[in-house]
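Notes follow once the structure below has been shown.
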Amino acid sequence: MIMTQRARRATIAIVAAAAIGGSGVAVGAATAAPAATPTVASAPAVHLPAVADGGARASYADVVRQVLPSVVLISTGEGLGSGVVLDGAGNIVTNAHVAGTATEFKVQVAGDPAPRSASLVGSYPPDDLAVIKVDDPSGLQPARFADSAKAQAGDVVLAIGNPLGLSGSVTSGIISATGRVVAEPASDDGRAGATLPDAIQTSAPINPGNSGGALVTTAGEVVGIPTLTAAGSQGNQVQGIGFAIPSNLARDIAKQLIDSGKVTNSHRAAIGAQVGTVTGQDGGPAGTGIVAVTSGGPADRAGLREGDVIEAAGGTPTPDTQALAAVLAAADPGDQITLSVTRGGQDLDVKLTLGQLPGN
């Protein structure tokens, strides 16, 4: 089966997000992970925590045994992915790109050879999160979640999931950084990928099928949901750079989906306009064009018009929609930002107070 639900690859590009009151860096355009089975590489060397006798910890088998029953294999008609059990009612959080367009799923629970039927509760692609619910929740073990706000570079973590359909696989690494802004690749039908705020960067190897699984601490608590890995500007594989959605965000969005079937509070900034990448004379991206302005929204109140081209936001160049999305992902609703705009050959600086990205 083709692994279309992938630990996706992203091209790294640094963006001065701090200029608009946010933090972190941005990850630019990305490509889908290759269909070919990747070669297996060992995890980067890490310093393991000390144990009571002062020696290095030799095994995390106890952590794996604790967490593995909470990580499931999810299959659709298009591919495989992973999920994390939220509660005893059978709700499971995963990536929106794992769920895809499916509404019915098969879920494999550790220790149970019989797949269980599940259905979609809700999906929120802007944060690449979805919740599905199994019909039979008997025996499900809810995961314990860490406070991802306390995660810090250097923490040892394990990635547990089902890469390439290999159930219950475990890789190890550290948290390399927090607060990253990551842009996912476009979907197979050409739709722009999600731009994820505040992602956790990890050196724990993440491969196709790991998406939606668990990034866990040495205390056995889920600190993130692995979603993609990095690739170089030429699409070449980059070792030891993966990204996970922080557990605090995953739980917040999942709760909203469970409570109402949709997201009612995105916590995400928006300018209140539909945009598209403008193509220059050389065929390359030449700015982010405004296609339509939402009546009464931030762009409308700031005087922006259809046909305006945003060339920079908060001093950060925005040659395409992904670049603008990265800036917005690092900002908060209510922040003020200056947009550098061209209109009919004239250059304008437009001050705008950001609104909130619609939840549904």
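The values are calculated or read from the model by the stated rules, or taken from the named source; none is laboratory data. Computed from a predicted model, the values in this text were never measured in an experiment. A quick note on method: Cβ atoms are made from the backbone with ideal geometry, for glycine too, and the neighbour counts reach across all protein chains shown.
Within region 305-318, the set of residues being surrounded by fewer than 19 Cβ atoms within 10 Å (Cβ to Cβ) and in contact (Cβ under 8 Å) with a residue 40 or more places away in the chain comprises 315 only.
Let's see how each residue does on (1) crowded, with 20+ Cβ neighbours inside 10 Å; (2) assigned by TED's automatic domain parsing to the domain that holds residue 199; (3) acidic (Asp, Glu); (4) out of contact with any strand residue (DSSP E or B) (no Cβ under 7 Å at 6 or more places or on another chain):
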{"site": "251", "(1), (2), (3), (4)": "no, yes, no, no"}
{"site": "273", "(1), (2), (3), (4)": "yes, no, no, no"}
{"site": "279", "(1), (2), (3), (4)": "no, no, no, no"}
{"site": "292", "(1), (2), (3), (4)": "no, no, no, no"}
{"site": "303", "(1), (2), (3), (4)": "no, no, no, no"}
{"site": "320", "(1), (2), (3), (4)": "yes, no, yes, no"}
{"site": "329", "(1), (2), (3), (4)": "yes, no, no, no"}
{"site": "339", "(1), (2), (3), (4)": "yes, no, no, no"}
{"site": "349", "(1), (2), (3), (4)": "no, no, yes, no"}
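Only one entry in 180, 251, 191 is modelled with pLDDT of 95 or more and of a type outside the set (A, V, I, L, M), namely 251. Residues of region 109-139 that are in a loop (DSSP other than H, G, I, E, B) and touching a residue at least 60 places away in the same chain (Cβ under 8 Å): 128 alone. Residue check: is residue 266 closer than 30 Å to residue 85 by Cα, small (Gly, Ala, Ser) and assigned to a loop (DSSP other than H, G, I, E, B)? So residue 266 passes the test. The residues of region 57-71 that are of a type in the set (A, V, I, L, M) and farther than 17 Å from residue 244 by Cβ, listed by number, are 58, 61, 64, 68.
For residue 89, the test of being in a loop (DSSP other than H, G, I, E, B) and either closer than 18 Å to residue 215 by Cα or not hydrophobic (A, V, I, L, M, F, W, C) (or both) is failed.
Per the listing 334, 289, the residue uniquely more than 22 Å from the chain's Cα centre (by Cα), closer than 17 Å to residue 272 by Cβ and in a loop (DSSP other than H, G, I, E, B) is 334. Within region 195-202, identify whether any single residue is free of Cβ contacts under 8 Å to residues at least 60 places away in the same chain, over 19 Å from residue 100 (Cβ atoms) and of a type in the set (Val, Ile, Thr), and answer yes or no. Checking region 195-202: at least one residue is free of Cβ contacts under 8 Å to residues at least 60 places away in the same chain, over 19 Å from residue 100 (Cβ atoms) and of a type in the set (Val, Ile, Thr).
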